[in-house]
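*Asks:* Sharing a structure below in structure tokens format, with a few things to ask.
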Amino acid sequence: MLLNLNRMGPGRYVLYGIGVLTALFLLLPVAFIAALSFGSSQWLQFPPPGWTLKWYAAIFNDPRWVESIWTSVKVAFTVMVLSIALGLPAAFALVRGKFPGRTLLHAFFISPMIVPVIILAIALYVFVLKFGLNGTFIAFVAAHLIVALPFSVICIVNSLEGFDESTEKAAIVCGATKAEAIFRVTLPAIRLGIFSAALFSFLASWDEVVLGIFMASPTLQTLPVRMWTTLRQDLTPVIASVSTLLIALTIVIMIITAFLRRRYAR
Amino acid sequence: MFEAISNNPYRNLRAPRVGLRRLRPALPALIFLFVFMVVPLSSLLLLSVTKPETGLGNYISLLGDATYARVLLNTFIIAALVTLVTLVIAYPVAWLLAILPSRVSQIFFAIILLSMWTNLLARTYGWMVLLQRTGVINRALMGVGLIDQPLPLINNLAGVTIGMTYIMLPYVILPLHATISGIDPAIMQAAAITGAKPRQIFWHVMLPLSLPGIGAGCMMVFVMALGYYVTPALLGGTSNMMLAEMIAQQVQSLLNWGLGSAAAFILLAVTLVFYAIYVRAIGLGRVR
Amino acid sequence: MSAQAPLVNIRNLVKHFGSVAAVDDVSLQVGEGEFLTFLGSSGSGKTTTLFIVAGFEDPTAGDVEIDGRSVLSVKPNERNIGMVFQRYTLFPHMTVAQNVGFPLMVRRRSKAEIDKAVKEMLDLVQLGAYAGRKPSELSGGQQQRVALARALVYKPRILLMDEPLAALDKRLREDIQQEIRRIHRELGVTILYVTHDQEEALRMSDRIAVFSHGKIAQIGSGADLYERPADAFVAGFIGNSNFLQGSVVQSQQDQVAVRLDDGTVIRGNTRHPLAANARVRLMIRPERLALAPSNDQVDQSLDVTLSDTTYLGDMLQHEVVTAWQQRITVRTNDRAAASSAGNALKLHFASTDVMVFEDGNRATA
């Protein structure tokens, strides 16, 4: 029938066609950039007249690119740690707590996902200017943490909801203290959720463009901000090589995630 | 009440008063969001009614001035267009994914994740290069003789629509796939055995049953598209500027803080209205 | 129960949730080595009482003593009580052996000692071959047996079980019931067991406490509850029963004569003296009834009409209807009594099998 491929009749070829075209559409820019980054043409000719690694060399020979990468790593890592530190206890309160307005609090914690980033960006821009924090590490971390926190809360709440609280009670009745039960039983049991929370928090910060644009100063820029300012001037192939590195990173993360999920799948 | 409590002693171990104590772990996150989100947003709201002078002047000029009103209209048109195009592509893809053998669909999901997780600027850059006047797409079309002159594909509505559709596709495919996979095939078999033709089954059974996924996906894309900044700024043109870009321009370049904040609050209000409709229809629990 | 002091002494326990009394003045003693079951429907207070003993709930009033000392101020992890929960509460990230060893690990025992005890316990529950498996690789029955091993590995004197078999299917349930009985005999551990399944309670327990609306309706051996129920509620809750309405004609100590609505007078037993003309309910077990052709002369009888007969294999179950259209169930293995629907019959029974209760406003289950 309509949900059975073999019995669907000729209509399935239409679906196949749309499927293949969509897959190509989704792959097109990703594959194209990767190919372009090795092309020798300054003017992004395609197919390239020759092949080269000079655009990659250009990244690492330019201290502005290296510094922005380093800044992004530091910010994203700090955001990841703080996002778990704030999100984990918050998720416990949301799942275990029985206080009035619990759903409202839940909605509040995920609201940064709903408020358009541009609004958060200009609000924070005004805010950090007032306190002279613009272009500081703290400003980047605070801004990115706002958008990372919902991911952390959602991931941990989901896995904590799937964890039966009586298992923790069983540990306590077995003689474990409350803290032992949480650290030896509950947290290990929801570790996949915590791992996802950390990963998404890191990525949320690592990829954040808009907040970065408004938090940055000429002296402190994250990688996306550096890409943005460069892109607004010209379409240099250096961006292609930076993008390709980012795509490679995405693939590595996808493989690690798939591997971990398979290994820890319950 | 009594039944509920004693049936489930595990969940109701503490009386409500003690429950408030369990709010304490949420306090750090709560305080953080209050200081860095609520306070800045509130002061922004204050700016919108005090700069340059106290009153609703900014809002009046935003809604009254033809230039600004056009931006608002543009924003809605583009968001609606992107939502529609995304849905038309995503529905057959989600359908296909629901019936493909899982080994094949796994590959497709990997492609979706790759595109979704690749840095936004990297993807947008790819489209900038592909769509430019001398870009691969124009050259290919001219090469096969379909066109004589390069098509204007960038810095206009076409560029924004292509770029945004590309970004939004996964957000519709994934929930739609979940909904369609959740439909019990027996329901369709029941429809067939009672005499319905495939086309009738699609319109009267399958489509209505996938409405929750369609609604969730479309609402999400529409709301996201309303406030999108990066892609329209890079792929769009000045004649179809969107609200987010105008806000950034007012605040950053023109230092017109009052007007920028007022525009931000119009955007926020519109977003929240649509979000409220979305939550009403789908329930907060499913918003993830 | 033995003459020595009880191991567990629950005194006047009360627990309110908001304005609702989930446990309402419950008192009971549990002897060393006893298997005591809390039987009741959901919301009767049995689980709440068990959770107070475990220390996961604080009572509103009353006391729980173990070995003569109040344990209310003792944290659950320091009470040294074993517990098996209704749901599978194995730690999902640990192997079976790590799960069973957990209580000893948190007690900082040596590795050698833990390994030895774990092996012993897994052998006890017949899962020695599964030590290296993860809980997700076990069936529900196996998981509960691991949970049992984990609850017993630290040799607690008291084991609490909160409907541990509720999630299992019937066959498996009966297997594990026997296993729990065997372990109870071998280890001599005191067990407090919660269930809503009266058959399970009868099969396993030394004594049963029947809970209703936060109170203990009756406590006693299975035979006590079945043969001498304290009230109509217990009579209806344990086993199958037929109830008839009537009013007292005459009552002398435990003997009572009751007039049914159609005028028939029936003699029965009561635990409490009853006033003349009091409204009462009579209870007769289906298997204590016999059927005879209507012209037979018998000691004590009721005229009925047969409406339906069901073949149950080891027994026949007859549905009969009285003159005032009340349905009565009769179970017998007397195949001679078989008759076709619509026939007039006499239902006869001994006066010692008729229980008479005051017609309180308590519902019969």
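The values are calculated or read from the model by the stated rules, or taken from the named source; none is laboratory data. Because the structure is predicted, anything quoted here is derived from the model rather than measured. Heads up, the Cβs are rebuilt from the backbone with ideal geometry, glycines too, and the neighbour counts pull from every protein chain shown.
*Asks:* If you check every pair at least six apart or on different chains, which have Cβ atoms under 6 Å apart with a residue in the stretch C:205-232 that is in the same structural domain as residue C:36 (by TED's automatic domain parsing) first and a residue that is among the hydroxyl-bearing types (Ser, Thr, Tyr) and buried (at least 24 other Cβ atoms within 10 Å of the Cβ) second?
*Replies:* Pairs found: C:205/C:37; C:208/C:37; C:211/C:44; C:212/C:44.
*Asks:* Next up: For the stretch A:29-40, what are the residues that are in a helix (DSSP H, G or I) and more than 7 Å from every other protein chain (Cβ to nearest Cβ)?
*Replies:* Step one: list which residues in the stretch A:29-40 are in a helix (DSSP H, G or I), which gives A:29-36.
If the condition is that a residue be in a helix (DSSP H, G or I) and more than 7 Å from every other protein chain (Cβ to nearest Cβ), then A:31, A:34, A:35 are the ones that fit.
*Asks:* Just give me the residues in the stretch C:313-354 being at positive phi and of a type in the set (S, T, N, Q), in sequence order.
*Replies:* Listed by number, the list holds a single entry, C:325.
*Asks:* Still on this structure, I have one more. Residues of the stretch C:88-100 being part of a loop (DSSP other than H, G, I, E, B) and either of a type in the set (A, V, I, L, M) or surrounded by fewer than 24 Cβ atoms within 10 Å (Cβ to Cβ) (or both), which ones?
*Replies:* Residues satisfying the conditions are C:88, C:90, C:91, C:92, C:93, C:94, C:95.
*Asks:* If you scan the stretch C:313-351, which residues turn out to be of a type in the set (A, V, I, L, M, F, W, C), at pLDDT 85 or above and in a loop (DSSP other than H, G, I, E, B)?
*Replies:* C:315, C:323, C:324, C:349, C:350
*Asks:* Let me ask something else about it. Answer yes or no as to whether residue A:3 is in contact (Cβ under 8 Å) with a residue 40 or more places away in the chain and facing chain B (nearest Cβ under 7 Å).
*Replies:* no
*Asks:* Please give the helices (runs of 4 or more DSSP H) falling wholly within the stretch B:69-151 in which 1 or more residues are buried (at least 16 other Cβ atoms within 10 Å of the Cβ), within 7 Å of chain A (Cβ to nearest Cβ) and of a type in the set (D, E, K, R).
*Replies:* Working: elements: B:102-117, B:120-131, B:136-143.
Counting at least 1 such residues, we get B:120-131.
*Asks:* Now, a different point. May I ask you to list the residues in the stretch B:46-67 that are part of a helix (DSSP H, G or I) and out of contact with any Ser or Thr (no Cβ under 7 Å at 6 or more places or on another chain)?
*Replies:* B:46, B:49, B:50, B:57, B:59, B:60, B:61, B:62, B:63, B:64, B:66, B:67
*Asks:* Within the stretch C:246-267, is there a residue that is crowded, with 16+ Cβ neighbours inside 10 Å, not in a strand (DSSP E or B) and not assigned by TED's automatic domain parsing to the domain that holds residue C:161?
*Replies:* Yes: one or more hits.
*Asks:* Among the numbered conditions (1) among the hydroxyl-bearing types (Ser, Thr, Tyr); (2) at pLDDT 90 or above; (3) within 30 Å of residue A:202 (Cβ to Cβ), tell me where residue B:102 comes up short.
*Replies:* In the conditions (1) among the hydroxyl-bearing types (Ser, Thr, Tyr); (2) at pLDDT 90 or above; (3) within 30 Å of residue A:202 (Cβ to Cβ), residue B:102 misses (2) alone.
*Asks:* With hydrophobic (A, V, I, L, M, F, W, C) and under 16 Å from the mean Cα position of the chain (by Cα) as the only criterion, which of A:259, A:195, A:163, A:183 stands out? Give the derivation first.
*Replies:* On the way: A:259 fails: under 16 Å from the mean Cα position of the chain (by Cα); A:163 fails: under 16 Å from the mean Cα position of the chain (by Cα); A:183 fails: under 16 Å from the mean Cα position of the chain (by Cα).
Just one listed residue meets the conditions, A:195.
*Asks:* So, restricting to helices (runs of 4 or more DSSP H) that lie completely within the stretch A:147-266, which ones have at least 2 residues that are charged (D, E, K, R) and out of contact with any Phe, Trp or Tyr (no Cβ under 9 Å at 6 or more places or on another chain)?
*Replies:* Result: A:178-181, A:237-264.
*Asks:* Name every residue in the stretch C:58-71 that is under 19 Å from residue C:5 (Cα atoms), assigned to a loop (DSSP other than H, G, I, E, B) and free of Cβ contacts under 8 Å to residues at least 60 places away in the same chain, in order of residue number.
*Replies:* C:71
*Asks:* For residues that are within 7 Å of chain B (Cβ to nearest Cβ) and surrounded by fewer than 17 Cβ atoms within 10 Å (Cβ to Cβ), scanning just the stretch A:100-142, find the one that is modelled with the highest pLDDT.
*Replies:* Residue satisfying both the conditions and the ranking: A:107.
*Asks:* Right, here's the next one. Tell me yes or no: at least one residue of the stretch B:272-285 is at negative phi, surrounded by 19 or more Cβ atoms within 10 Å (Cβ to Cβ) and β-branched (Val, Ile, Thr).
*Replies:* Within the stretch B:272-285, not a single residue is at negative phi, surrounded by 19 or more Cβ atoms within 10 Å (Cβ to Cβ) and β-branched (Val, Ile, Thr).
*Asks:* From the list A:75, A:95, A:81, which one is assigned to a helix (DSSP H, G or I), without any contact (Cβ under 8 Å) to a residue 24 or more places away in the chain, assigned by TED's automatic domain parsing to the domain that holds residue A:190 and under 27 Å from the mean Cα position of the chain (by Cα)?
*Replies:* A:81
Here's the yes/no breakdown for (1) surrounded by 21 or more Cβ atoms within 10 Å (Cβ to Cβ); (2) modelled with pLDDT of 90 or more; (3) over 30 Å from residue C:160 (Cβ atoms):
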residue	(1), (2), (3)
A:144	yes, yes, yes
A:149	yes, yes, yes
A:161	no, yes, no
A:174	yes, yes, no
A:177	no, yes, no
A:190	yes, yes, no
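Conditions tested, residue by residue: (1) in a loop (DSSP other than H, G, I, E, B); (2) within 14 Å of chain A (Cβ to nearest Cβ); (3) surrounded by fewer than 17 Cβ atoms within 10 Å (Cβ to Cβ); (4) out of contact with any Lys or Arg (no Cβ under 8 Å at 6 or more places or on another chain).
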{"site": "C:27", "(1), (2), (3), (4)": "no, no, yes, no"}
{"site": "C:56", "(1), (2), (3), (4)": "yes, yes, no, no"}
{"site": "C:86", "(1), (2), (3), (4)": "yes, yes, no, yes"}
{"site": "C:102", "(1), (2), (3), (4)": "no, yes, no, no"}
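*Asks:* Kindly provide the set of residues from the stretch A:31-45 that are touching a helix residue (DSSP H, G or I) at 6+ places or on another chain (Cβ under 6 Å), over 18 Å from residue B:133 (Cβ atoms) and crowded, with 20+ Cβ neighbours inside 10 Å, ordered by number.
*Replies:* Passing the criteria: A:33, A:37.
*Asks:* If only one of A:165, A:161 is of a type in the set (Asp, Glu) and more than 9 Å from chain B (Cβ to nearest Cβ), which one is it?
*Replies:* A:161
*Asks:* Among the residues that make up the stretch A:46-56, is at least one of them within 10 Å of chain B (Cβ to nearest Cβ) and under 17 Å from residue B:129 (Cβ atoms)? Spell out how you get there, then give the answer.
*Replies:* Quick first cut of the stretch A:46-56, residues within 10 Å of chain B (Cβ to nearest Cβ) only: A:46-47.
From the residues that got through so far, the ones that are under 17 Å from residue B:129 (Cβ atoms) too are A:46-47.
Looking through the stretch A:46-56, at least one residue is within 10 Å of chain B (Cβ to nearest Cβ) and under 17 Å from residue B:129 (Cβ atoms).
*Asks:* Tell me, please, whether a residue that is over 26 Å from the mean Cα position of the chain (by Cα) and surrounded by 21 or more Cβ atoms within 10 Å (Cβ to Cβ) can be found in the stretch C:156-164.
*Replies:* Taking the stretch C:156-164 as the starting set, the residues that turn out to be over 26 Å from the mean Cα position of the chain (by Cα) are none.
Scanning the stretch C:156-164 turns up no residue that is over 26 Å from the mean Cα position of the chain (by Cα) and surrounded by 21 or more Cβ atoms within 10 Å (Cβ to Cβ).
*Asks:* Among what's in the stretch A:209-266 and is charged (D, E, K, R) and either farther than 26 Å from residue A:139 by Cα or in contact (Cβ under 8 Å) with a residue 24 or more places away in the chain (or both), pick the residue that is surrounded by the most Cβ atoms within 10 Å (Cβ to Cβ).
*Replies:* Residue satisfying both the conditions and the ranking: A:226.
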